[in-house]
1. Among the residues of segment 74-106 satisfying the criterion of being within 21 Å of A43 (Cα to Cα) and not aliphatic (A, V, I, L, M), which is surrounded by the most Cβ atoms within 10 Å (Cβ to Cβ)?
2. Taking strands (runs of 3 or more DSSP E) that do not extend beyond segment 1-53, which have at least 3 residues that are buried (at least 19 other Cβ atoms within 10 Å of the Cβ) and modelled with pLDDT of 95 or more?
3. For L150, are the conditions met, namely being more than 14 Å from the chain's Cα centre (by Cα) and part of a helix (DSSP H, G or I)?
4. Keeping to segment 119-159, report how many residues are closer than 18 Å to V84 by Cβ, charged (D, E, K, R) and either free of Cβ contacts under 8 Å to residues at least 24 places away in the same chain or in contact with a Leu (Cβ under 9 Å, 6 or more places away or on another chain) (or both).
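The values are calculated or read from the model by the stated rules, or taken from the named source; none is laboratory data. In this text the structure is predicted, and so the values were computed from the model without any measurement. Neighbour counts are summed over all protein chains in view; Cβ atoms, including those assigned to glycine, are modelled from backbone coordinates with ideal geometry.
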Amino acid sequence: MSEQRATGEVRLSIEVAVPLDHAFRVFTEQFDSIKPREHNLLAVDIAETVLEAKPGGRVYDQGIDGSICEWARVIEVEPPHRLVLAWLISPQWQVEERKDRASQVEVRFSAIDDRNTRVELRHHGLERHGAGWESAASSLSGEAGWPLYLKSFQQLLAA
């Protein structure tokens, strides 16, 4: 996994040994198997994480009690090449109430050849969240952040 970091931005990339269409479909349709359950803003355990892969779709956790925590919105979807989310989690790890303070997560999928795909994740605009964004960027680029999601994605594809 390669990583680059610029001000207000986290960039990571991986290569996966599956065709482009399959990589995109697994990422969007099986996101529940990618997102760690311990990444939880609910007061109860997560029963399911849902990614509605359509413009205006929600990304949310549903608790075992039926409660819902929406923590991202789908801005753009260009199957099988691109997914863009508005990240609605503040640097204090709470739901961001002000939508104008959302950062963006862009995931790009590009074919290396017929059987291999490059996946690039770019989380940018973190400074929009205001005070504490630097520590959020550090956490998101750390092993328990986006690298954990991409590693989980690789493991899911290898299973």
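1. W87
2. Hits in segment 1-53: 9-16, 46-51.
3. no
4. Within segment 119-159, residues that are closer than 18 Å to V84 by Cβ, charged (D, E, K, R) and either free of Cβ contacts under 8 Å to residues at least 24 places away in the same chain or in contact with a Leu (Cβ under 9 Å, 6 or more places away or on another chain) (or both) number 2.
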